[in-house]
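Peer 1: Quick one: structure below, then a few questions.
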Amino acid sequence: METIKLTPIPIAHLIHQKQVLALFGAVLPFAMVDEMGWWAVPIVSLVIFTLYGIEGIGSQLEDPFGYDRNDIKMDAIVEDERVEIEAILNEWKKVTVVRGEDGLVGGDGGGGGDAGGYEPMEMFIRMRTATQERDGGVRNGI
């Protein structure tokens, strides 16, 4: 998402798009006036209004991760996912502890070693900071 947010749309593209749309709006009535007469004015107005509306929608969608009313609420989405993952991991930890007490994991049950000091979260969640990406190291945690 960061790549999408930080990738700018070339300014030449934006300028060209606005100029072509304005030129099209200026020339279109002359192309239609012979066949439609005065009806060309409202029809061209409707067409140009629609095209400028689409252009406005496109400019709003250029930055979908901001804090405007129309933007994607990434903070809320990430927080919801964090809460759900935390609940799943807590439930998984409970199941792991219960199995360990029953002897199914470690201990006398022959499940394969001592369950003491075992951190189930380390197995699933790994985060890499920019420095660690560069150095190749991994940090465990949430």
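Peer 1: Give the residue, chosen from A76, A40, that is of a type in the set (A, V, I, L, M, F, W, C), under 20 Å from I4 (Cβ atoms) and assigned to a helix (DSSP H, G or I).
Peer 2: Being of a type in the set (A, V, I, L, M, F, W, C), under 20 Å from I4 (Cβ atoms) and assigned to a helix (DSSP H, G or I) holds for just one of A76, A40, which is A76.
This table checks each residue for (1) surrounded by 14 or more Cβ atoms within 10 Å (Cβ to Cβ); (2) at pLDDT below 85; (3) small (G, A, S); (4) in contact with a helix residue (DSSP H, G or I) (Cβ under 8 Å, 6 or more places away or on another chain).
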| site | (1), (2), (3), (4) |
| --- | --- |
| I4 | no, yes, no, no |
| P8 | no, yes, no, no |
| G37 | no, no, yes, no |
| L51 | yes, no, no, yes |
| M74 | yes, no, no, no |
| V78 | no, no, no, no |
| E91 | no, no, no, no |
| V98 | no, yes, no, no |
| G103 | no, yes, yes, yes |
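Peer 1: List every residue pair whose Cβ atoms lie under 9 Å apart, where the two residues are 6 or more positions apart in sequence or sit on different chains, the first residue falls within the range 24-44 and is under 23 Å from E55 (Cα atoms), and the second residue, located anywhere, is outside any helix (DSSP H, G or I).
Peer 2: Pairs found: none.
The values are calculated or read from the model by the stated rules, or taken from the named source; none is laboratory data. Just so we're clear, the structure is a prediction, and the values are computed from it rather than from any experiment. A quick note on method: Cβ atoms are made from the backbone with ideal geometry, for glycine too, and the neighbour counts reach across all protein chains shown.
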